[in-house]
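Shown next, in structure tokens, is the structure this report addresses.
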2 protein chains.
Amino acid sequence: MSSSDAAPQDPTQTIDMGGHGVPVGMGSAAAELMAQLPPLVEVPVARKRSAAEEARTILAANVTGALATLSAEGDPWASIVNYGVLADGSPVFSLSTLAQHGRNLKRDQRASLAVSESVPPARDPADTGRVTVAGVAEEPAGGRLEEARRIYEAAIASAAIFGDFVDFTWWVLKVERVRWVGGFGRMDSVGPESFAAAEADPVAPSAPGAIAHLNADHADALLLFARALGGHTDAEAATCVGADRYGLDLDLVTPRGRTGARVGFEEPIVEPDGLRAATVAMVSSARDLAA
Amino acid sequence: MSSSDAAPQDPTQTIDMGGHGVPVGMGSAAAELMAQLPPLVEVPVARKRSAAEEARTILAANVTGALATLSAEGDPWASIVNYGVLADGSPVFSLSTLAQHGRNLKRDQRASLAVSESVPPARDPADTGRVTVAGVAEEPAGGRLEEARRIYEAAIASAAIFGDFVDFTWWVLKVERVRWVGGFGRMDSVGPESFAAAEADPVAPSAPGAIAHLNADHADALLLFARALGGHTDAEAATCVGADRYGLDLDLVTPRGRTGARVGFEEPIVEPDGLRAATVAMVSSARDLAA
């Protein structure tokens, strides 16, 4: 079903939403409820990143996290560490045995790493993405050690200085459990195979800039996306609040209240700088549908 | 000894540094070594924040950290949490028993919290302040519960929504061990009494703005501080790289190479907005000394 099947809405009229005939201008509580309802026009569900991809993306976007290890007494010890990420998602650390976490791992290799996405100051700190990967730390050898050293030194500027100090040990966390939380009400566990096979989103680093640009200069395109691809034919304004390799998240103003929409790109983006081309292609698709 | 005892240095001459007669224009390696030497004029050692104050300051400046708890198997589990800080430095959490850390604490109350200072993008992520506080989580009651709830809800916007959900438990970490790392080569352990008695630096939130302002508009004052109060009578340029309730950290260009200086305020600042007045007073003191 194409959105061209839907006649433009007259916002002064009663809106029929699957039997919920609610007059425009209803109270804000009712408007909030209405905004939870599905779009006016059915559209294909737009793909989102999997929990494994979310976990890999948070790990790839940061270089600092917290490692939990066990003290000699079996107490849990949290400490801030820097890390790199191997191709299979395993975190790599370079830890001094002069530090408690280094001594702890030499004694007991069970460990987990927690990483939080960076929080823009305006956002509720409880509503942020975070991931825990847990397993057993191993001392890499051979090609694995070379990969660990190369990736860690690329991530951490000072690593080349300390990496060869005799009291530093290279560790790679063999991931056995993954727990991802995306913010309020979004969370999932991930198996080690899915985690190892998943990719970090290549466009994550460029997404904040792309979102700012779309909102500053392309409000008309965002509104077109919401109406033609998001199914909200009565949308009056659209703001981009998320961008990833699969599509865009929009925040919408409609006569029914505020709501959200997800609009998907035709193909997943594979290049780090691919957001611009994918968004331009989305304009063409949306225009074809709206014509 | 006042710095007015020292004649101005002629940077074209040989500089005598405690027997190290080194000509100006020496190689950069030698310049680096010379820059490690003490100032040209002896000055009182300027007070710095104690390790306990550093730890309290990092905790106060953030609301997100990583909690280490123990799984049913005794494995260490790191998870990102929000926290507030009670007057005695104890962190407070509100955790769901639907989440692993909440279940873990119900079973075994041993826990530790690791918090990192926010890292400006230009800085090496390994050269940042971080703190671990470890101890036993307790469920607060009475006035302690009221304090915990009030402080946590002030720190975390969404806390008022979730705090009373039946699956959420209030926890206060009774701190028994504190480990602070200030960056490369700066670290210390802190006893629980010192930690509880210490104050977070009241000017920490305003320090980045004050540093930017000093460097943008008051380079002359910073150079005066370096020469008159820091003992580096031959300083040619000064940049402020740190500001706290006790004084300023300066990065200096001298004919001997780059070096650093610490200059102290006459009295510790007690008000969050006190950096401006303390710096103005420092200008008067430095002028008196230089006259």
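The values are calculated or read from the model by the stated rules, or taken from the named source; none is laboratory data. Everything quoted here is computed from the prediction, not taken from an experiment. No Cβ is skipped: glycine too gets one built from the backbone with ideal geometry, and neighbour counts run over all protein chains shown.
Of the residues A:Asn62, A:Asn82, the single one that is more than 19 Å from A:Pro140 (Cβ to Cβ) and of a type in the set (S, T, N, Q) is A:Asn62. For the range A:45-73, give me each residue that is away from every other protein chain (no Cβ under 13 Å) and out of contact with any helix residue (DSSP H, G or I) (no Cβ under 6 Å at 6 or more places or on another chain). Hits for the range A:45-73 are A:Val45, A:Ala46, A:Arg47, A:Lys48, A:Arg49, A:Ser50, A:Ala51, A:Glu53, A:Glu54, A:Arg56, A:Ala60.
Is it the case that some residue within the range A:53-66 is at negative phi, in a loop (DSSP other than H, G, I, E, B) and at pLDDT 90 or above? Scanning the range A:53-66 turns up at least one residue that is at negative phi, in a loop (DSSP other than H, G, I, E, B) and at pLDDT 90 or above.
Being more than 9 Å from chain B (Cβ to nearest Cβ) and under 14 Å from A:Ala68 (Cβ atoms) is the filter here, so list the residues in the range A:82-100 that pass it. Result: A:Tyr83, A:Pro91, A:Phe93, A:Leu95. When the range A:67-87 is limited to residues that are among the hydroxyl-bearing types (Ser, Thr, Tyr) and not in a strand (DSSP E or B), the one that is nearest to B:Ala72 (Cα to Cα) turns out to be A:Ser71.
Conditions (1) of a type in the set (Gly, Ala, Ser); (2) buried (at least 24 other Cβ atoms within 10 Å of the Cβ); (3) modelled with pLDDT under 95; (4) not assigned by TED's automatic domain parsing to the domain that holds A:Val172, marked per residue:
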residue	(1), (2), (3), (4)
A:Val85	no, no, no, no
A:Pro91	no, yes, no, no
A:Ser94	yes, yes, yes, no
A:Ala99	yes, no, yes, no
A:Arg103	no, no, no, no
A:Gln109	no, no, no, no
A:Val115	no, yes, no, no
A:Val119	no, no, yes, no
A:Ala126	yes, no, yes, no
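Elements of the type strands (runs of 3 or more DSSP E) sitting completely within the range B:175-291 and holding at least 1 residues that are surrounded by fewer than 19 Cβ atoms within 10 Å (Cβ to Cβ) and polar (S, T, N, Q): these cover B:186-190, B:237-244.
Kindly evaluate A:Asp234 against the criterion of being outside the structural domain of A:Thr128 (by TED's automatic domain parsing), farther than 17 Å from A:Val203 by Cβ and acidic (Asp, Glu).
Answer is yes for this residue.
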